[in-house]
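Structure, as structure tokens:
No value in this document is a laboratory result; all are computed from the given coordinates. Not measured: the values here are computed from a predicted model. For neighbour counting, all protein chains shown are included, and Cβ atoms are generated from backbone atoms with ideal geometry for every residue, glycine included.
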Amino acid sequence: MYSGGVGVARNVNLTLQFYDRSCKLKTAPACLALGTMYEIGTGTKPDLKKAAGYYQMACNNGNAIACQMTSGHPAPASAAPPQKATRR
């Protein structure tokens, strides 16, 4: 909601706070989102060590994509987001 500004003003600081709370409650998608935010520096300075920690927490809570990210291997095709069809 706050990350995309759906129904409220976009607020990256609140996004970080709510993802952090959710991650502490073992919500894997929130941990993955935090890892991504710290990896690319959304709302914070990039911090690869923190990003790796959040990815590991997401993996520990059952997120297959995060497990692939922490092992250094690409995610399997079945875990990748769907691609838009292209016209030829």
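Which residue out of 42, 15 is part of a helix (DSSP H, G or I) and either within 13 Å of the chain's Cα centre (by Cα) or basic (Lys, Arg) (or both)?
Details: 42 fails: part of a helix (DSSP H, G or I).
Among 42, 15, only 15 is part of a helix (DSSP H, G or I) and either within 13 Å of the chain's Cα centre (by Cα) or basic (Lys, Arg) (or both).
Output the residues belonging to the stretch 24-46 that are within 15 Å of residue 70 (Cα to Cα) and among the charged types (D, E, K, R).
Of everything in the stretch 24-46, just one residue is within 15 Å of residue 70 (Cα to Cα) and among the charged types (D, E, K, R), namely 39.
Report every pair of residues separated by at least 6 positions or lying on different chains whose Cβ atoms are under 6 Å apart, first residue within the stretch 43-64 and within 15 Å of residue 22 (Cβ to Cβ), second surrounded by fewer than 16 Cβ atoms within 10 Å (Cβ to Cβ) and acidic (Asp, Glu).
Short answer, once both residue conditions are applied: none.
Could you list, in sequence order, the residues of the stretch 8-37 that are surrounded by 13 or more Cβ atoms within 10 Å (Cβ to Cβ) and of a type in the set (A, V, I, L, M, F, W, C)?
Hits for the stretch 8-37 are 12, 14, 16, 18, 23, 28, 30, 31, 32, 33, 34, 37.
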